[in-house]
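Presented below is the structure to which this report refers.
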Amino acid sequence: MKTKLLRETFERARTENGGLTSLGMRFYGRLFEKYPAVRPLFTTPPEQQHKKLMASIGSIVAAVENPEALVPFLHAMGIRHLKYKTEDAHYGAVAENLIAVLSEHLSKEGEWTEEMKDTWQEALKTVSSIMIEAATNPQLYKEELLQTGYGADGFRQNDPEPWKIREAVTG
């Protein structure tokens, strides 16, 4: 995976075309247009939910070369998403949607290339696979979660922002 390109494109997303707020709001607008069946899964308004999404993506991108922090975070997130009634097929919809809105977002002020698309697709496929595996077999990750500060439900006790990695990350 081209981690440098992943980081560079996310940094551009932060600064170009209205930044992460614009990207996040477009993500949910398009998601609910194209995949209306997922709308009932969200109880938080998009004006708040996009902040969680962008923080999660930022954490993942920052930790992409630190699997000791990233993998347990993704396992916890996959297990946490059981509470939200996330299905395996939803991961593909989220990935397709994120690629589409990143393409729109970055094309407005700069360039979006096939290499960028391929890098993000590879990253999102990996993230989805790790999360789905944990959600499918949460009992296999119970000990890992406990050792890394998560509960068996994928949440950290008294953590108001479970969508951020708390461990130190390299980068």
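Rounded to the nearest 500, what is the 222 nm mean residue ellipticity of the chain from helices alone, with -39500 (n - 2.57) per DSSP H run of 4+ residues and division by all residues?
So the calculated ellipticity at 222 nm is -22000 deg cm²/dmol.
On a 0 to 90 degree scale, rounded to 10, what angle separates helix 3-15 from the longest Cα axis of the chain?
70 degrees
Pop out the ³J(HN,Hα) list for the range 41-54 in order, Karplus 6.51 cos²θ - 1.76 cosθ + 1.60 with θ = phi - 60°, rounded to Hz; leave Gly and Pro as x.
6, 9, 9, 8, x, x, 4, 9, 4, 4, 5, 5, 4, 5
Let me spell out the model: positive unit charges on the Cβ of Lys and Arg, negative unit charges on the Cβ of Asp and Glu, origin at the Cα centre of the chain. What dipole size does that give, in debye rounded to 20?
480 debye
Whole Å is fine, so just give me how far the alpha carbon centre of the range 56-134 lies from that of the range 32-53.
Here the answer is 16 Å between Cα centres.
Which ³J(HN,Hα) values, rounded to whole Hz and listed in residue order, are derived for the range 23-32 from phi using the Karplus coefficients 6.51, -1.76 and 1.60 in 6.51 cos²θ - 1.76 cosθ + 1.60 with θ = phi - 60°, glycine and proline given as x?
Along the range 23-32, the couplings run 4, x, 5, 5, 4, 6, x, 5, 4, 6 Hz.
Read phi for every residue in the range 65-76 and hand back ³J(HN,Hα) as whole Hz from Karplus 6.51 cos²θ - 1.76 cosθ + 1.60, θ = phi - 60°, with x for Gly and Pro.
Once θ is set to phi - 60°, the couplings for the range 65-76 become 9, 10, x, 4, 8, 6, 4, x, 4, 5, 4, 4 Hz.
Computed from these coordinates, which is P(r) over Cα pairs in 10 Å bins from 0, in percent: (1) 9, 28, 22, 10, 7, 7, 6, 5, 4, 2, 0; (2) 10, 39, 39, 12, 1; (3) 11, 42, 38, 8, 0?
(2)
Largest first and in whole Å, what are the equivalent-ellipsoid semi-axes of the range 100-152 based on the Cα gyration tensor, each being the root of 5 times an eigenvalue?
Equivalent ellipsoid semi-axes, largest first: 35, 11, 8 Å.
Any read-out appearing in this document is the output of simple, stated calculations on the displayed coordinates, not a laboratory observation. Source: prediction; values computed, not measured. Please note: Cβ atoms are built from the backbone with ideal geometry, for glycine as well, and neighbour counts cover all protein chains shown.
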